[in-house]
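Just so you know, all these numbers are worked out from the coordinates, no wet-lab data involved. As the structure is a computational prediction, the values presented were derived from the model and not from experiment. With ideal geometry, Cβ positions are generated from the backbone for all residues, glycine too; neighbour counts draw on all protein chains shown.
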Amino acid sequence: MSVIKFKKGPKLFSVARKKALRLDVPQEKGVNLTELISRIQIKEGNEPCFRQRSTCSELSCCWQASCKVKMVK
C-alpha cells in the first residue's frame with residue numbers, strides 16, 4: 001500500500017496550477033486554492049467539494065490528503 005504524501009501551502013498550489021494547466025482550467029490572477037481545485041474537480045467531472053464539507057466518502061480523490069476533512073467509508 002502506498003502512502004499519499006500530504007502537501008500544503010505553496011507546494012499544493014503548485015501541484016494544482018500544473019494540473020489546471022494540463023486540463024486547460026482558467027487561472028485568473030488572484031484565484032485562491034479552494035476555487036482552483038474546485039474548477040479542476042468540475043473539469044474532471046467530479047463534484048466541486050474541496051474543503052467544503054465536514055466529512056467525505058470519496059476515497060479515490062487525489063486531493064483528499066490535503067483537504068482536511070474527515071474521511072468516512
Quiz item: Give me the pairs: first residue in the stretch 38-50 and over 14 Å from Ser60 (Cα atoms), second residue outside any helix (DSSP H, G or I), beta-carbon distance under 6 Å, and six or more apart or on different chains, which are they?
Solution: Ser38/Pro48; Ser38/Phe50; Arg39/Val25; Ile40/Val25; Ile42/Pro48; Lys43/Leu23; Lys43/Val25
Quiz prompt | Ala65 vs. criteria surrounded by 12 or more Cβ atoms within 10 Å (Cβ to Cβ), in a helix (DSSP H, G or I) and free of Cβ contacts under 8 Å to residues at least 60 places away in the same chain | solution = no
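Are any residues in the stretch 23-56 over 15 Å from Lys8 (Cβ atoms) and either surrounded by fewer than 10 Cβ atoms within 10 Å (Cβ to Cβ) or among the acidic types (Asp, Glu) (or both), and if so, which ones? Don't jump to the end; show me each part of the working.
Here is the first cut: in the stretch 23-56, the ones over 15 Å from Lys8 (Cβ atoms) are 23-31, 35, 38-49, 52-56.
Answer for the stretch 23-56, where residues must be over 15 Å from Lys8 (Cβ atoms) and either surrounded by fewer than 10 Cβ atoms within 10 Å (Cβ to Cβ) or among the acidic types (Asp, Glu) (or both): Asp24, Pro26, Glu28, Lys29, Gly30, Glu35, Glu44, Gly45, Glu47, Ser54, Thr55.
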Quiz item: Here are some conditions: (1) among the hydrophobic types (A, V, I, L, M, F, W, C); (2) assigned to a loop (DSSP other than H, G, I, E, B); (3) touching a Phe, Trp or Tyr at 6+ places or on another chain (Cβ under 7 Å). Ile37 meets all but one. Which one does it not meet?
Solution: (2)
Quiz item: Is it the case that Leu59 is free of Cβ contacts under 8 Å to residues at least 12 places away in the same chain, of a type in the set (A, V, I, L, M) and exposed (fewer than 12 other Cβ atoms within 10 Å of the Cβ)?
Solution: no
